[in-house]
Structures are given as structure tokens and as C-alpha cells.
Amino acid sequence: LGHEGRYSLCAALRQRGWATELNAEVTEDNENFALMSVIVELTEEGFEHRSEVLDLLFGFLRLMRELSPWPSYLLEETETIRGIGWKTTEPASPPDAVLRLVGNMQRYAS
């Protein structure tokens, strides 16, 4: 979903002049549920067409659901790449860690 190449949702939005950036990520994933976040940086014109942007987003999600499942080797490769990224990530500096924690406190405050 976050792919930015030809035929991607991001490319379609950029072609229309409605968005400059699209980020999609799984923010929570456990045995009970998964939570996905999609952030679209809209242009002024994109904001005026936000209803159509949402139609494109949900249409793209429907299309992805109808595709055949990913081959297992691609899933394994993706998992391996994520594992490498996790193992090689440098620890956050103390100020960055504090900013992340404060942001999470605001997001997940009870």
C-alpha cells in the first residue's frame, strides 16, 4: 500500500495533484488483531477532493483484498528484511527516545 511506483495509490494521487506523500504501516499486530495506519499528505487541491481520495484509498484496499495471496517466499523474504532492519537499528538518542515516549503517552493515554 505504501509503494510509490507506477500504478500505486501514491502515484495515482500525485498524478491528480492531490497528494505529495503517502505512508502506510502496521502500528499494532498481535494474535487478536492488527492495526494499520495510512497517512496521506494532501495538497490544497487534494484537501478539496478528500472524499475522492478516500474513495481511491478504499478502492485500492478492496483491490488488494481480491488479489491472490502472496507467495510464501515473498513473505519470508519480507520477514527476513524486517529482521535485519530491526537488528541493525541504532538505539535512539535520549532526546529522541523522550520525544517518542511523550508522543505515545498522548496517543495511548487512558
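Odds and ends about this structure:
- Restricting the first member to segment 84-110 and to residues that are modelled with pLDDT of 85 or more, and the second to residues that are in a helix (DSSP H, G or I) and open to solvent by 90 Å² or more (accessible area, probe 1.4 Å), no beta-carbon pair is closer than 8 Å while six or more apart or on different chains.
- Residue in segment 56-77 that is touching a Leu at 6+ places or on another chain (Cβ under 9 Å), modelled with pLDDT under 90 and within 27 Å of ARG107 (Cβ to Cβ) present: yes
- Where a residue in segment 1-19 is in a loop (DSSP other than H, G, I, E, B) and its partner, wherever it lies, is small (Gly, Ala, Ser), with Cβ under 7 Å and at least six apart: LEU1/ALA24; GLY2/ALA24; GLU4/ALA11; GLY5/ALA11; TRP18/GLY46
- Of all residues in segment 38-57, those satisfying the criterion of being outside any helix (DSSP H, G or I), touching a strand residue (DSSP E or B) at 6+ places or on another chain (Cβ under 7 Å) and open to solvent by less than 70 Å² (accessible area, probe 1.4 Å) are VAL38, VAL40, LEU42, THR43.
- From LEU101, LEU74, LEU35, residue being closer than 28 Å to ALA19 by Cβ, of a type outside the set (D, E, K, R) and assigned to a helix (DSSP H, G or I): LEU74
- Flag for PHE60 being surrounded by 10 or more Cβ atoms within 10 Å (Cβ to Cβ), more than 18 Å from the chain's Cα centre (by Cα) and either under 30 Å from ALA12 (Cα atoms) or of a type in the set (Gly, Ala, Ser) (or both): no
- The residues of segment 5-29 that are under 20 Å from TRP70 (Cα atoms) and open to solvent by less than 90 Å² (accessible area, probe 1.4 Å), listed by number, are GLY5, SER8, LEU9, ALA24, VAL26.
- In segment 85-110, residue most open to solvent (accessible area, probe 1.4 Å) [restricted to those that are among the charged types (D, E, K, R) and farther than 18 Å from THR27 by Cα]: LYS87
The values are calculated or read from the model by the stated rules, or taken from the named source; none is laboratory data. Quantities reported herein were computed from a predicted structural model and do not represent experimental measurements. Counting neighbours? That spans all protein chains shown, and the Cβs are built from the backbone with ideal geometry, glycine included. Just so you know, the surface numbers come from the protein's heavy atoms only, side chains and all, with ligands and any DNA or RNA stripped out. Shrake-Rupley method; radii C 1.70, N 1.55, O 1.52, S 1.80 Å.
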